[in-house]
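Accompanying notes for the structure given below.
The values are calculated or read from the model by the stated rules, or taken from the named source; none is laboratory data. Only a predicted model underlies this, so the values are computations on that prediction, with no experimental measurement involved. Counting neighbours? That spans all protein chains shown, and the Cβs are built from the backbone with ideal geometry, glycine included. The area values use the complete protein model at the heavy-atom level, side chains included, leaving out ligands, DNA and RNA. Shrake-Rupley method; radii C 1.70, N 1.55, O 1.52, S 1.80 Å.
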Amino acid sequence: MSNPILIDPLKYAREGRAQSGKMAVAALDERVLAELAGRDGEVEYTLTGYVDRLRRPCLRLELAARVLVVCGRCLEAMFVDVKADSVVTLFTSEERLLAAVEDDEELDAIIAEPELDARALIEDEIIMGLPLSPLHDDCGSEELERARAKKPNPFAVLASLKTSRSE
Ligand SMILES: [Zn+2]
């Protein structure tokens, strides 16, 4: 079970609060773990509250996570780094929220509840930040190196054939 990080979002933003933390991937909610290949890894985050130039309360979440996913080529687990830097703008009325989103389609807006679980924001960002088709740069490179060391290099064989022919 994950412990919530409860904040009063409006107060947090208006008072310009900030907090940083670290948590184990294993402590995240099942909905995140279900997307991952294992429970190893760690998440670091910084949550900063501020008021933007339109006087709207906002929360900025910066996040760096190291999580296990499955390589699409060799199907082995591999670590990937997920980074996110997102802003959610808080509204107290549905009307204003809709008007703001109409003005700016990129705007990530929510209605400010008296209590917000920042851990859910963190988990959402991790899920959205996961690569769609993760691949090792070089699957099983260690095994390949070993296999190459045993077999003669095909180009060396070709070269020796050429030289023997020309002799
Ligand atoms: Zn692979």
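Considering A26, A120, A84, which residue is away from the ligand (no atom under 16 Å from the Cβ), at pLDDT below 95 and under 22 Å from L6 (Cβ atoms)? Step through it out loud before you land on a result.
Numbers: A26 fails: at pLDDT below 95; A84 fails: at pLDDT below 95.
Of the residues listed, the single one that is away from the ligand (no atom under 16 Å from the Cβ), at pLDDT below 95 and under 22 Å from L6 (Cβ atoms) is A120.
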I'd like to check something: does the range 56-67 contain any residue that is closer than 19 Å to S133 by Cα, free of Cβ contacts under 8 Å to residues at least 24 places away in the same chain, more than 16 Å from the ligand (Cβ to nearest atom) and open to solvent by less than 30 Å² (accessible area, probe 1.4 Å)? no
T46 vs. criteria part of a strand (DSSP E or B) and open to solvent by less than 20 Å² (accessible area, probe 1.4 Å): no
Is it fair to say V87 is within 18 Å of the chain's Cα centre (by Cα) and either outside any helix (DSSP H, G or I) or aromatic (F, W, Y) (or both)? yes
So T92 fits all but one of (1) open to solvent by 70 Å² or more (accessible area, probe 1.4 Å); (2) among the β-branched types (V, I, T); (3) touching a strand residue (DSSP E or B) at 6+ places or on another chain (Cβ under 6 Å); what number is the exception? (3)
